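**Q** Pasting in a structure now, in structure tokens, and then I'll have a few things to ask.
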Amino acid sequence: MGKLQKNGFQGEAYQPQEEVFFNDGREIALLHYVYSHPELENMRGHPQKILDAIDEYGRTKKYLMNIGEYKSKTVLDLIREVKPQTMVEIGAYVGYSAIAFASAVKDAGGRRYYSLEHNPEFGAVTTMLVDLAGLSDIVKVVIGSSSDTLRRLAKNREIDHIDLLFLDHQKPLYTPDLMLCEELGLVGPGSVYAADNVVKPGNPPYLEYVRSTVAQKKKRFAALGHDGLKGNPNLVYKSEFVEGWEPSGVPDALEITTCVES
């Protein structure tokens with residue numbers, strides 16, 4: 001994998017993050033904001049214009065827990081490099097990442113972008129904004145728990161290999177969901193993972209897992225002695241920490257991990 005760009009924070013930041021910063025009605029308010037935008041007709045079918053409108057809401061109205069344009073650049077560079085046929089994100093929220101990344105996947109010749117979301121309301125917002133961006137032909141929004149959805153997609157053979165996996169959901173689920181993907185055979189040599197928010201709020205268990213050697217993973221699992229997820233400790237990972245910023249201007253980072261062999 002080539003050298004990844006470190007993004008510099010420039011321009012106008014989102015509103016500050018409040019104590020309660022999601023699932024308080026702002027997601028539906030965003031939908032109304034976009035669909036009542038004076039430039040709506042010019043925005044239809046243009047992903048970047050939809051992203052601009054979402055950013056506009058985050059800057060002038062209320063904070064939104066999107067990846068934002070700064071950290072997105074790292075993943076967009078990755079998409080152009082990997083050229084994934086199938087990309088999966090876990091954690092859609094309002095569709096910002098789905099719109100940004102699916103548009104890039106499509107431009108790179110990819111065929112499918114799966115956006116997994118636990119919250120039905122967030123999934124509905126994502127679906128409507130993805131449609132407005134003209135990306136319904138490549139994006140499939142799937143509602144349900146991440147583990148159940150991954151198992152179902154694998155069982156139905158809807159997905160047999162994930163080329164690029166974007167993790168941006170509940171932080172304690174990053175590691176078990178990656179292990180589940182390993183166990184289901186959805187990831188393997190050539191798969192790349194981009195994990196958001198590894199500084200804010202941080203995710204030490206995930207970083208420890210993807211940075212561990214095969215021997216360390218096997219030793220740790222043997223010490224646990226449980227009957228739960230086993231993953232595939234034989235997968236060899238190369239991991240890189242890429243600095244960036246939240247859209248509010250707060251420092252954060254992505255962990256970019258490549259499965260190099262098994």
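Coordinate-derived values only; no laboratory data. Remember, it's a predicted structure, so these values are computed and weren't measured experimentally. Cβ placement follows ideal geometry from the backbone for every residue including glycine, while neighbour counts extend to all protein chains displayed.
**Q** Spelling out what I want: for every residue of the range 129-143, take phi, set θ = phi - 60°, compute 6.51 cos²θ - 1.76 cosθ + 1.60 (Karplus), and round to whole Hz; glycine and proline get x.
**A** 6, 4, 5, 4, 6, x, 10, 5, 6, 10, 9, 10, 8, 10, 9
**Q** Figure the gain on full extension for residue 40 and residue 160 (residue separation times 0.36 nm, minus the Cα-Cα span) and round it to one decimal in nm.
**A** Working: separation 120, 0.36 × 120 = 43.20 nm, distance 3.76 nm.
The span from residue 40 to residue 160 would gain 39.4 nm if fully extended.
**Q** Would you mind calculating the gained length between residue 121 and residue 21 on full extension (0.36 nm times residue separation, minus the Cα-Cα distance), in nm to one decimal? Provide the component values of the computation, followed by the final result.
**A** Values: separation 100, 0.36 × 100 = 36.00 nm, distance 1.55 nm.
So the chain would gain 34.4 nm between residue 121 and residue 21.
**Q** Now for a separate question. Peptides 172-185, 155-168: what's the order by average Cβ count within 10 Å, highest mean first? Before the final figure, lay out each step's value.
**A** Numbers: 172-185: 19.7, 155-168: 17.9.
In decreasing order of mean packing, 172-185, 155-168 become 172-185, 155-168.
**Q** Sticking with this structure for a sec: Quick one: 199, 210, fewest Cβ neighbours within 10 Å first, how do they rank? Please list the in-between numbers first.
**A** Details: 199 18, 210 24.
With the fewest neighbours first, 199, 210 line up as 199, 210.
**Q** Here's something else I'd like to know. Please give the peptides 103-110, 31-38 ranked by average Cβ packing (other Cβ atoms within 10 Å per residue), highest first, as a rough proxy for protection.
**A** 103-110, 31-38
**Q** Mind checking which lysines have their C-alpha under 30 Å from residue 230, skipping anything on the same chain fewer than 8 residues away?
**A** Answer for residue 230, where 30 Å is the Cα cut-off: 83, 140, 155, 171, 200, 217, 218, 219, 238, listed by chain and number.
**Q** Continuing with this model, one more query. How long is the gain from residue 128 to residue 214 if the chain were fully straight, where each residue apart is worth 0.36 nm and the alpha carbon distance is subtracted?
**A** Numbers: separation 86, 0.36 × 86 = 30.96 nm, distance 4.25 nm.
Gain on stretching residue 128 to residue 214: 26.7 nm.
**Q** Quick check on the chain: helices-only [θ] at 222 nm, where DSSP H runs of length 4 and up contribute -39,500 (n - 2.57) each and the sum goes over total residues. Nearest 500, please. Show your work: numbers first, answer last.
**A** Values: 10 runs with 107 residues, N = 262.
Taking each H run of at least 4 residues, the total per residue is -12500 deg cm²/dmol.
**Q** Now for a separate question. Give, rounded to the nearest 20 debye, the magnitude of the charge dipole that the range 26-261 has about its Cα centre when Lys and Arg contribute +1 at Cβ and Asp and Glu contribute -1 at Cβ.
**A** Roughly 520 debye for the range 26-261.
**Q** Which is farthest toward the positive dipole end of the range 153-219 among 188, 161, 202, measuring Cα position about the Cα centre, with Cβ charges +1 (Lys, Arg) and -1 (Asp, Glu)?
**A** Final value for the positive-end residue is 202.
**Q** So what's the net charge close to residue 24: Lys and Arg +1, Asp and Glu -1, counting the other residues with Cβ under 12 Å from its Cβ? Kindly include the intermediate steps, with their values, before the conclusion.
**A** On the way: positive: 26, 62; negative: 18, 19, 27, 121.
Net local charge, residue 24 excluded: -2.
**Q** For labels at residue 108 and residue 145 in the simple 7 Å Cα→Cβ model, what's the distance in nm?
**A** Each label point is offset 7 Å from its Cα along the Cβ direction, giving 3.1 nm.
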